[in-house]
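Only one structure is covered here, and it is reproduced in the block below.
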């Protein structure tokens, strides 16, 4: 069975990811620290400093401050 494409939902998810990524880049540059983008088990994204990471989930990307 072919499922219909839910493009609006996919676009929203990518926009959320890009917004979180943009914030992580700014924080990394201002703090001079490496940040980690994390996809949590509920599908949302978060970012935290690498040395203080406490959230559970899959690491999506490392953001360097340079």
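The values are calculated or read from the model by the stated rules, or taken from the named source; none is laboratory data. Every value quoted in this text rests on a predicted model; they were computed, and no experiment measured them. Neighbour counts are summed over all protein chains in view; Cβ atoms, including those assigned to glycine, are modelled from backbone coordinates with ideal geometry.
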Task: Looking only at segment 48-60, and only at residues there that are in contact (Cβ under 8 Å) with a residue 12 or more places away in the chain and in a loop (DSSP other than H, G, I, E, B), the one that is surrounded by the fewest Cβ atoms within 10 Å (Cβ to Cβ) - done: 56
- [ ] With the checklist (1) exposed (fewer than 13 other Cβ atoms within 10 Å of the Cβ); (2) assigned to a helix (DSSP H, G or I) in hand, flag the one item residue 20 doesn't pass.
- [x] (1)
Open item on the list: Residue pairs, Cβ under 8 Å, 6 or more apart or interchain, first in segment 5-22 and on the phi < 0 side of the Ramachandran plot, second at pLDDT 75 or above and surrounded by fewer than 10 Cβ atoms within 10 Å (Cβ to Cβ). List them.
Closed with: 13/43
Open item on the list: Tally up the residues in segment 25-45 that are closer than 21 Å to residue 9 by Cβ, surrounded by fewer than 15 Cβ atoms within 10 Å (Cβ to Cβ) and in contact with a strand residue (DSSP E or B) (Cβ under 8 Å, 6 or more places away or on another chain), please.
Closed with: 1
Open item on the list: Suppose the filter is over 18 Å from residue 17 (Cβ atoms), touching a strand residue (DSSP E or B) at 6+ places or on another chain (Cβ under 8 Å) and modelled with pLDDT under 95; does residue 50 pass it?
Closed with: yes
- [ ] Being out of contact with any helix residue (DSSP H, G or I) (no Cβ under 9 Å at 6 or more places or on another chain) and either part of a loop (DSSP other than H, G, I, E, B) or at pLDDT 95 or above (or both) is the filter here, so list the residues in segment 32-47 that pass it.
- [x] 32, 40, 41, 42
